[in-house]
Every structure is written in C-alpha cells, then in structure tokens.
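J.: So that we are looking at the same thing, I have put the structure below in structure tokens.
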C-alpha cells in the first residue's frame, strides 16, 4: 500500500498536510498522535472510505480495514455477518473466521443477534470481519477498544502471527504502551508524519 | 446472481426483524381503513378521472378508505426502506468496500421492496374487500403496489441523503399526508383540479379510484405512477451509488484468495 502527498481539510482546518506512506511487507507499523491529530482521517483515506483533497492512495492485493466505530448490522447474528462478508471477500468457507473468533474468545456467540452483544464482543466481531479473508494489508483503527486484558494480549498475538506470515499491519493508537509491540512508530503531528524511520524493536 | 440472492435473503431477514413495521402492517392498516369507513359520511361525492374525463360518483367513506389505504401503504414501505437504509448506510458501505458488488446489493434492496410491497398491498386490498367490493380488486392492489414502490424508493433516497432519523420520518409523513390529502375530494376542494397531476401518488390515486368504481383499465395512470417510481428510484440509486463508492484511485482485488495462499493462524489463544 502506498500513499503520496495526501492532504485533507475539514473546512478551514487543515488536518493532513502532505502524508507519504509506504507500508513494508511483514511489518507492524503504528501511527500515534493526540486526539484530533487526524489519525482516523488518515486511515479512512488509506482505506478508501474518504476521498482526500489532494494526493493518491494505491492498494495492491487483499486488504482489510477495521474502522474505529463498530460497523455492524444489529438485525443479523454473528454467523450471518460472517456469511455476508465471506460472499463479499469471495472466500470459500468460514474456517479462518472461526479461528479468529476462537482466538478472540467469542466463538460461543456465533448464533447470537449482534444487537444483544456487549460492546467488547461487538468490537471483536468488527475486527474479525477485517481479518477473516487473510488480508495482505490490514488497517486497524484502535481495534481493541472495549477488550479485556486477556483479549488485548490475544489481539497482539494475532497481529504477531500476521507479521510472521508476511502481512503488513498498520495500527492507529493513542496508547503509548503499545509502541513496544510495533516495528515502527510514526507520530502524526501538525498534519505530518514524524519519525518514519524510527525502529523501536 | 449468487450475491443478489445472498443480499436479498439478508435484506428480508432484516425487514422481518423490524417488529414495528410488522405491527403497523398487522394493526394500523385495518384499523385505519375501518375507522375511515365508520367515521366518514357515506354521502356520494364526485371524483374526476383525468385520464378519461369521466366524473365518478362514489360514497365518501369508500373514497376515503382508498386514500387511507394509499396513505397506509406509503407510510409503511416508506418507513421500512428509510429505516433500513438510514441505519445501515455504513454497513452497506463496508460491505461494498470489502468487495460486495454494488449492483446486486442495490438490486437486492429493490427485490426486498417488491416483496414487502406485494405483501403489504395484498393485505390492504383484502382489508378493503372486507368492507365493500371494488369493481377491479386486482387493479386496486396494483395501484397500491405502485405507490408503495414509489414511497419505498423515496425512503431509500431520504435514508441516504438525510443525516437525522427524525428528518426522514417527518419528510415521509408530510409528503404522504399532503400528497393524498390534496387528492381526497372530501378533504380538499382542489382534488379535481389539474394541480394534483404533479403529486407523487396522483397516478395511483386515479388508478385505484378507477379500479374501485369503474370497469376502466387506467393504463395512463399506471404509466404516470411508473414514471414517478422510476424518477425517485433513479434518485435513490444515485444516492446509494455515491454513498457506497470507494475513494481509492485504483480499484484492486480485495478477496478471492485460495487455500494455497491462505496463511494459517497459530491458535494464539492456546499459547
């Protein structure tokens, strides 16, 4: 995935002022920054959800995106979500999705209506929908909100597995203690990414 | 075709879980039609069929039951489609960005609307038939169906364009009330004027009244209603297209991996 010269403004407020990103294969990169720095805006642009005012974003291969706000349909069960997205991704079966559910510890909710699930379990499904097709590039916007500590650790184990498999993962976070789990940390400040060469491992 | 079937199946599942809409269909329609039949005077009123120039004379209660049924089906399908579109805009977009083609996704919404409209309008026609015998009940049902489709697509368009739920609900109620109130000869002195030709349920009201009290086949009126459905439907599809499109400059393959390149997870939970 590559992005070149991405600019974006909300009215007169310039949020992104020239972002260049090239995500290396087999790496876990974090983008940190204060609230309102533009992290989610950047991820929306990288995922194609938002059109930048200027700049280009290119994707190659399978790609997954876990938005910060849970995007689910309360009228469907967990399994119906998986079926629906399996059709979207054109994957043959739900084996991988079921593996992820097991890792995140919510496989017992497969036939439960999403509208009745807790916030943390909804977030687990939100994440599962982003990774169930084994994406080569994965964009995660604060994907562990509402997770308990055990699930939080399992999430990072899952990310570690993806790294070993050669997948690229971009995680947006505002938590400083996540940074030791990342290969690189980029800080978004004043609309520009800083410290892009920083290797924290 | 497979994606269309999947999206239609899940669309119907979602509509079936909309219990308030189910309650409206089951209770509101017969109560509304029954109350108009009881409360409105039976004195004959005149209603002009613009397509043929004939002036019909029918009981005020029966004509009001027709406008009441039209009002009921427009509100139900309008609300159903608005609620589904409004609450699932982000979900549809996520599905689309995950690789679900938008054509079968959009067509599935139309298919769900057709099925819902057939059920609701058959029920409304049956309710009317419990009170009196329309001359052409099938055509009466078809007229109700056409306006239900029009308001259903209006619900899709409003659900995509508006930002607050109350705005859409208010818009659907007011459009339907003004639309049908102006065409009821008991409620409006201008019901027989040329101005009503521009209202979104004009074709359906003309066709339904002709079906109820004459042997005329109101082909022109159905065409007018079809034109309204087409125009509102195109607006809805355009709004749906804009809402679900990806902003990426180059479209790439999202899914479609094979077992050979699917990397197994290590069951981290068991570590």
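J.: Out of the stretch B:181-234, which residues are farther than 23 Å from residue B:72 by Cβ and in contact with a helix residue (DSSP H, G or I) (Cβ under 6 Å, 6 or more places away or on another chain)?
T.: B:216
J.: Tell me, yes or no, whether the stretch A:145-154 has at least one residue that is free of Cβ contacts under 8 Å to residues at least 24 places away in the same chain, within 12 Å of chain B (Cβ to nearest Cβ) and surrounded by fewer than 21 Cβ atoms within 10 Å (Cβ to Cβ).
T.: Residues of the stretch A:145-154 that are free of Cβ contacts under 8 Å to residues at least 24 places away in the same chain, as a first pass: A:149, A:152-153.
Now narrow it down to the ones that are within 12 Å of chain B (Cβ to nearest Cβ): A:153.
From what's left, surrounded by fewer than 21 Cβ atoms within 10 Å (Cβ to Cβ): A:153.
So far as the stretch A:145-154 goes, yes, one or more of its residues are free of Cβ contacts under 8 Å to residues at least 24 places away in the same chain, within 12 Å of chain B (Cβ to nearest Cβ) and surrounded by fewer than 21 Cβ atoms within 10 Å (Cβ to Cβ).
J.: Among (1) over 30 Å from residue B:85 (Cβ atoms); (2) in a loop (DSSP other than H, G, I, E, B); (3) in contact (Cβ under 8 Å) with a residue 12 or more places away in the chain, which single condition is residue A:133 missing?
T.: Single failed check for residue A:133: (1).
J.: Another question about this same structure. Has the stretch A:165-184 got at least one residue that is assigned to a loop (DSSP other than H, G, I, E, B), within 14 Å of another protein chain (Cβ to nearest Cβ) and closer than 17 Å to residue A:97 by Cβ?
T.: The first filter runs over the stretch A:165-184 and keeps only residues assigned to a loop (DSSP other than H, G, I, E, B), leaving A:165-167, A:174-175, A:182-183.
Keeping just the survivors that are within 14 Å of another protein chain (Cβ to nearest Cβ) gives A:165-167.
If we keep only those that are closer than 17 Å to residue A:97 by Cβ as well, we get A:165, A:167.
Yes, the conditions are met somewhere in the stretch A:165-184.
J.: Here is a further query. Between B:13, B:31, B:114, B:45, which is out of contact with any helix residue (DSSP H, G or I) (no Cβ under 6 Å at 6 or more places or on another chain), farther than 30 Å from residue A:90 by Cβ and either surrounded by fewer than 24 Cβ atoms within 10 Å (Cβ to Cβ) or within 11 Å of chain A (Cβ to nearest Cβ) (or both)?
T.: Being out of contact with any helix residue (DSSP H, G or I) (no Cβ under 6 Å at 6 or more places or on another chain), farther than 30 Å from residue A:90 by Cβ and either surrounded by fewer than 24 Cβ atoms within 10 Å (Cβ to Cβ) or within 11 Å of chain A (Cβ to nearest Cβ) (or both) holds for just one of B:13, B:31, B:114, B:45, which is B:31.
J.: Still on this structure, I have one more. Does any residue of the stretch B:229-242 turn out to be farther than 25 Å from residue B:168 by Cβ and either at pLDDT 90 or above or at the interface with another protein chain (Cβ under 8 Å from one of its Cβ atoms) (or both)? Talk me through it step by step, then tell me what you get.
T.: First, the residues of the stretch B:229-242 that are farther than 25 Å from residue B:168 by Cβ: none.
No, the stretch B:229-242 contains no residue that is farther than 25 Å from residue B:168 by Cβ and either at pLDDT 90 or above or at the interface with another protein chain (Cβ under 8 Å from one of its Cβ atoms) (or both).
J.: Look through A:54, A:17 and report the one residue that is within 13 Å of another protein chain (Cβ to nearest Cβ), at pLDDT 90 or above and farther than 30 Å from residue A:110 by Cα. Break it down into steps so the answer makes sense when it comes.
T.: On the way: A:17 fails: within 13 Å of another protein chain (Cβ to nearest Cβ).
Step by step, each of A:54, A:17 is checked, and only A:54 is within 13 Å of another protein chain (Cβ to nearest Cβ), at pLDDT 90 or above and farther than 30 Å from residue A:110 by Cα.
J.: Within the stretch B:124-159, how many residues turn out to be closer than 30 Å to residue B:242 by Cβ and more than 10 Å from the chain's Cα centre (by Cα)?
T.: To start, the set of residues in the stretch B:124-159 that are closer than 30 Å to residue B:242 by Cβ comprises B:145-159.
Narrowing further to those that are more than 10 Å from the chain's Cα centre (by Cα): B:157-159.
Of the residues in the stretch B:124-159, 3 are closer than 30 Å to residue B:242 by Cβ and more than 10 Å from the chain's Cα centre (by Cα).
J.: Continuing with the same structure: Quick test for you: out of B:99, B:53, pick the one residue that is part of a loop (DSSP other than H, G, I, E, B) and within 14 Å of chain A (Cβ to nearest Cβ). It would help to see each step written out before you state the result.
T.: On the way: B:53 fails: within 14 Å of chain A (Cβ to nearest Cβ).
Criteria check complete, one pass: B:99.
J.: Let me ask something else about it. Do any strands (runs of 3 or more DSSP E) lying entirely in the stretch A:1-114 carry at least 2 residues that are touching a residue at least 60 places away in the same chain (Cβ under 8 Å) and surrounded by fewer than 16 Cβ atoms within 10 Å (Cβ to Cβ), and which ones are they?
T.: Of the strands (runs of 3 or more DSSP E) lying wholly inside the stretch A:1-114, those with at least 2 residues that are touching a residue at least 60 places away in the same chain (Cβ under 8 Å) and surrounded by fewer than 16 Cβ atoms within 10 Å (Cβ to Cβ) span A:13-22.
The values are calculated or read from the model by the stated rules, or taken from the named source; none is laboratory data. Note that the structure is predicted; figures quoted are calculated from it, not measured. Cβ sites come from the backbone with ideal geometry, for glycine too, and all protein chains shown count toward neighbours.
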